[in-house]
1. Taking other Cβ within 10 Å of each residue's Cβ, how do A:63, B:23 sort, fewest first?
2. When the helix-only estimate is applied to the protein assembly as shown (DSSP H runs of n ≥ 4, each -39,500 (n - 2.57), divided by the residue count), what is the mean residue ellipticity at 222 nm, nearest 500 deg cm²/dmol?
3. Indicate the gyration tensor shape class of the stretch B:48-151 (rounded, prolate or oblate), computed on the Cα atoms with a ≥ b ≥ c the square roots of the eigenvalues: a/c under 1.5 is rounded; otherwise a/b larger than b/c is prolate and the rest oblate.
4. Label the stretch A:2-144 by shape, choosing from rounded, prolate and oblate, from the square roots a ≥ b ≥ c of the eigenvalues of the Cα gyration tensor; if a/c is under 1.5 it is rounded, and otherwise prolate applies when a/b is larger than b/c, oblate when it is not.
5. If you take the square roots of the eigenvalues of the alpha-carbon gyration tensor of the stretch B:1-116 and sort them as a ≥ b ≥ c, do you get rounded (a/c under 1.5), prolate (a/b over b/c) or oblate?
6. Given the C-alpha centroids of the stretch B:113-153 and the stretch A:102-119, what is the distance between them in whole angstrom?
7. Using only the Cα atoms, what convex hull volume per residue in Å³ does the protein assembly as shown have?
8. Does anyone have the angle between helix A:13-33 and the longest principal axis of chain A? Alpha-carbon axes, 0 to 90°, nearest 10?
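A short reminder: the numbers here are calculations on the coordinates, not readings from a lab. Remember, predicted model here, so these are calculated numbers, not experimental data. We place every Cβ from the backbone using ideal geometry, glycine too, and count neighbours over all the protein chains shown.
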């Protein structure tokens, strides 16, 4: 082993150049074929999943907080802001399935990516419904005791 | 310079430099992803004025009781009726709480709707339920409790 490391014969400069060139060509061809996936799609998937989970958690937090302070006679409504795009895609927040499954869905319509967030069983005592697109101008959650 | 270029010792140090730099690049990529996570959810928890609204309610409930006791005390040395004194004191409370919330940029309105007594008289143990309208608005969240039913019975 020690002999092998000390011995510097057997590799000419030209062979070394050729080896390096071949390795570089191989490396770059693999990278350029997969560039779209490696540099755009995979990071986009990660960002979308993170951001959609984040937005789902935001909805869940707001609904839970509101549930804690709803007036017995009266109403409460709150506006909130969401980013128009998660990653590169627009998405929809869907609370219509909350009543049965106790979850809120954040769905990207263009790619079908979907994140589900639980709302802790609130919908059994307080019906929750509604959908909203990330690109619409007004986002609001409202509660009215008389409805 | 010549000896530096010809000297081929220290390969392991050069190699470990490469390995360390790759590790640092990997950690930097991970750290960048972590910075993205959890902004909106934590922001919603911070921005939503849950505690403000809850405090406004609790203050109003506490004060409705305190004002009741206070108006009986004042009634002993005054010839005004208890409901009149109560209305006056509640008006004071209302204007104070409105000013306090205005400092924080919130519009608050607390107004007395009615003083109720089940047997029709307004003695020390008779006033039992107070109706109060509470509204709260901080520009983003609008809260209305019309009326808030406050039990002040002993």
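1. Working: A:63 22, B:23 10.
The most exposed by this proxy come first: B:23, A:63.
2. Working: 9 runs with 147 residues, N = 301.
Using -39500 (n - 2.57) per qualifying helix, the result is -16500 deg cm²/dmol.
3. On the way: a/c = 2.83, a/b = 1.96, b/c = 1.44.
Prolate is the answer for the stretch B:48-151, as a/c is 1.5 or above and a/b outweighs b/c.
4. Details: a/c = 4.81, a/b = 3.46, b/c = 1.39.
Verdict is prolate for the stretch A:2-144.
5. Details: a/c = 6.74, a/b = 5.71, b/c = 1.18.
Verdict is prolate for the stretch B:1-116.
6. 42
7. Details: hull volume 78.0 nm³, N = 301.
That works out to 259 Å³ per residue.
8. Value to nearest ten degrees: 20.
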